[in-house]
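Take a look at the structure set out below.
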Amino acid sequence: METIIKKIDPNNMTSDDFSEAAALLREGKLVAFPTETVYGLGGNAYDSTASARIYAAKGRPSDNPLIVHISSFEEITPLVKDIPGKARALADRFWPGPLTMILFKSDKVPKETTGGLDTVAIRMPSHPIANRLIKEAGIPIAAPSANASGRPSTTKAEHVIEDLDGRIDMIIDGGSSDIGLESTIVDLTVSPALILRPGYITIEMLREVIPDIEYDKAVLKRIKDDTIVAKAPGMKYRHYAPKGELTIYEGEIGRVSKAIREAAKEKLDAGYSVGILTSDELAESYAGLQTGCDNGSLYIRDIGSRENEEEIAAGLFDALRYFDEVKADHIYAESFVEGGLGQAIMNRLMKAAGYHIIEV
Ligand code: TXA
Ligand code: MG
């Protein structure tokens, strides 16, 4: 299939820009589009055939439910059994924005969209292109992250093209996603409410609205322990993983840098390609590592200051994709402070590493 690439400027868009995309969505076709978190792969949420196409395009297991995207609060009504007070309160505070809520689904939402569950995940994105696309299509849009299953989520149209060109009908190129990590997911069908996936909206922010909200225990796990099963079906799969072997080093940053230098040197000497995921504070400490070991190649990616978690979050998936592009065999990553947005950063990084963390 020929994938149409459509550039839209989020600061200067008209109804015309969306007419073809909206028509495709209404016909059950697939359109990838930018959101403030990551790019989404959209299809009509009411159409079970569209959902089946989404799973096929991503190569995703069909028991992994999709998030349904809406453009205004009223659009939630036909999707759910009822709207709990907590959902209204969270929506008032955080929608439109990077928060997804799990509620009991109505009969209108097909089980194909929810991976067979009787609950549905709903999000109202704040990105102007996402919002406008949903409005112009006039239907709720089921959209997982627009990456091939198992690969890091996509934060630019180029990433989507890499993974899905020829497999979907259209890709809207609206520039980079600001946040760079997927939405925070909150399950409101249980009491107390649970955070199933950490994101930009942190537990501290959520507790201002729902004081007793907790993390699902799978979110906090730091080891590969298959007895702790994630409540969000998607969180149980190998995820975000680069093709090379990724190891996280954790501890005082001087020791982290030293341990990464030693590990990298050993692999370079043995002829491997090595990637280092670093920060402004430590990037220079790896300079000169290549000297003297002329076998393997070294690829260093600095994703920003450790003081600026938003910058780290925004650059993380792009860096993981970069290491695939350069075919790094071994990748060494510094760890980041957990808590706040760092919770989401480390959640994604630990999954990408298959929980392979070395304490130094
Ligand atoms: O930021 C985001 O949320 C992006 C953009 C495109 O909106 N979307 C996204 O979708 O990350 P996806 O499909 O990659 O991740 C959805 C996660 C999966 O882990 C899935 O298992 C979980 O949400 N999920 C969806 N519906 C659920 C439900 N009814 N109950 C529990 N978990 C659910
Ligand atoms: Mg995903």
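The values are calculated or read from the model by the stated rules, or taken from the named source; none is laboratory data. Fair warning: this is a prediction, and the values are worked out from it, not measured in the lab. A quick note on method: Cβ atoms are made from the backbone with ideal geometry, for glycine too, and the neighbour counts reach across all protein chains shown. Accessible surface is based on the protein model in full, side chains and every heavy atom, while ligands, DNA and RNA are left aside. Shrake-Rupley method; radii C 1.70, N 1.55, O 1.52, S 1.80 Å.
Some values worked out for this structure:
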| quantity | calculated |
| --- | --- |
| Over the chain: helical MRE at 222 nm, DSSP H runs n ≥ 4 each giving -39500 (n - 2.57), nearest 500 | -9000 deg cm²/dmol |
| Shape category assigned to segment 245-359 from the gyration tensor of Cα positions, a/c cut at 1.5 | prolate |
| Protein accessible area in the chain, 1.4 Å probe - carbon and sulfur % | 49 |
| Sites residue 262 and residue 191 - FRET efficiency at Förster radius 56 Å, r taken between beta-carbons, to 0.05 | 0.70 |
| Surface accessible to a 1.4 Å probe, residue 68 within the full protein complex, Å² | 0 |
| Anchor residue 7: lysines whose Cα lies under 25 Å away (excluding residues fewer than 8 positions away in-chain) | 29, 58, 135, 156 |
| Gain in span if fully extended, residue 158 to residue 118, counting 0.36 nm per residue against the direct Cα distance | 10.9 nm |
| Extension gain (nm, one decimal) between residue 358 and residue 108, 0.36 nm per residue minus Cα-Cα | 85.2 nm |
| Percentage, to the nearest whole number, of Cα pairs in the chain over 39 Å apart | 15 |
| Pairs of Cα atoms farther than 15 Å apart, segment 290-344, % | 54 |
| Per residue value of the accessible surface for segment 199-330 (all protein chains in place, 1.4 Å probe), Å² | 50 |
| Aspartates and glutamates whose Cα lies under 20 Å from that of residue 81, excluding same-chain neighbours fewer than 8 positions away | 47, 92, 107, 112, 118, 187 |
| Amide H partners (placed H, <5 Å) of residue 302, local residues excluded | 278 |
| Cβ-based charge dipole, segment 245-359, positive-most Cα from 263, 251, 312 | 263 |
| Degrees, to the nearest 10: 15-26 long Cα axis against longest axis of the chain | 80 |
| Long-range HN-HN contacts of residue 69 with modeled amide H, under 5 Å | 123, 141, 142, 143 |
| Across 108/221; 231/258; 231/267; 6/231; 267/351, pairs whose alpha-carbon gap is larger than 32 Å | 108/221; 231/258; 231/267; 6/231 |
| Label-point gap, in nm, between residue 93 and residue 311 - each point 7 angstrom along Cα→Cβ | 2.9 |
| Rounded tilt (10° steps) of 309-325 against the dominant C-alpha axis of the chain | 70 |
| Whole-number accessible area per residue in Å² for segment 34-191, which is evaluated in the context of all protein chains at 1.4 Å | 32 |
